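The values are calculated or read from the model by the stated rules, or taken from the named source; none is laboratory data. Predicted, not measured: the structure shown is a model, and the values here were computed from it. With ideal geometry, Cβ positions are generated from the backbone for all residues, glycine too; neighbour counts draw on all protein chains shown.
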Amino acid sequence: MVERPIVTVPRSLMRVTAVDWDIDWREKGAREATDGSMQTVIAAAPRWVGTVPLRLTPETILAWRAIRDEARGRTGLYRLPLVDPLGINLAAGHIPAALRNLGVPFSTDERFLTGQGFSYLPAVELVAAAAPGDRVLILRDLGFGHPLRVGMFLSHNDWPIRITSRTEIEDDDGPLVEVTVAPFLRNAIPAGALIEMAATGIFEVTDGSGNPAYDLSRISTPTLNVQEWLNR
């Protein structure tokens, strides 16, 4: 069996012109019941699907070409950020300039000798361990300034989920948030783990799409058609 390379797509290349992430519930219609009602059969595990329309400049066309070549067509897998400005916008003006430009410092407020810190990727803490199949998570806000909103993406270990409801919980160590998610957890998550608010997932290209063709404008607008890779 050929090993499938996983290529990480930088968030800087994800200059999407539309957002089109959806859950494929893998349902199939069955015959109509005797009472006239419709019947549905779940054929397989749900997965995320999407069409990712990009806008590439001359410089990013070259970078995108290299990424596609590393992925080797449909052989490779893409580690993609699920860009959604309505959920979380890392370029938003309310992010402190020091975090946006210099990154997150150590707990001592110091940074590396280069003056740079860790990359700014906001997260929340999982308070109670969760198992595959769970839909309810209890989370602690770590003060990154991004509220948990119904409809926004989260992820852990590149498994994306989406918040469907939220409830505030009082706790002696500070307020907690209980959220329900869709479709459900596909991986176990230990207590104390960080749940990323800038969600990522691992996807297969469904039809070899994404070729950055361009004309005399030297602007390319390819569309990448993807489906989540579940065989992990």
**Asked** When the residues of the range 190-210 are filtered to those that are under 15 Å from Thr75 (Cα atoms) and in contact with a Pro (Cβ under 8 Å, 6 or more places away or on another chain), which remaining residue is surrounded by the fewest Cβ atoms within 10 Å (Cβ to Cβ)?
**Response** Ser209
**Prompt:** Does Arg186 satisfy the condition of being within 17 Å of Leu13 (Cα to Cα) and among the basic types (Lys, Arg)?
**Reply:** no
**Tally, over the range 112-138, of residues that are touching a residue at least 40 places away in the same chain (Cβ under 8 Å) and either surrounded by 15 or more Cβ atoms within 10 Å (Cβ to Cβ) or of a type in the set (Asp, Glu) (or both)** = 13
**Asked** Can you name the number of the only condition in (1) touching a strand residue (DSSP E or B) at 6+ places or on another chain (Cβ under 6 Å); (2) at pLDDT 95 or above; (3) surrounded by fewer than 18 Cβ atoms within 10 Å (Cβ to Cβ) that Phe184 fails?
**Response** (1)
**Fill in**
Matching residues in the range 207-228 (of a type in the set (A, V, I, L, M, F, W, C) and touching a Lys or Arg at 6+ places or on another chain (Cβ under 8 Å)) number 1
**Item:** Arg218 vs. criteria in contact (Cβ under 8 Å) with a residue 60 or more places away in the chain, exposed (fewer than 14 other Cβ atoms within 10 Å of the Cβ) and not β-branched (Val, Ile, Thr)
**Value:** yes
**Asked** How do the strands (runs of 3 or more DSSP E) wholly within the range 39-155 filter down when requiring 2 or more residues that are at pLDDT 90 or above and among the hydrophobic types (A, V, I, L, M, F, W, C): which remain?
**Response** 47-53, 77-81, 123-126, 136-141
**Fill in**
Here the qualifying pairs (Cβ atoms under 6 Å; residues six or more apart or on different chains; first in the range 187-213 and modelled with pLDDT of 95 or more; second among the acidic types (Asp, Glu) and surrounded by 14 or more Cβ atoms within 10 Å (Cβ to Cβ)) come out as Thr200/Asp158; Gly201/Asp158; Gly201/Glu228; Ile202/Asp158; Phe203/Glu228
**Message:** It is to be established whether one or more residues within the range 199-206 are more than 20 Å from Ala18 (Cα to Cα) and either in contact with a Lys or Arg (Cβ under 6 Å, 6 or more places away or on another chain) or among the small types (Gly, Ala, Ser) (or both).
**Reply:** no
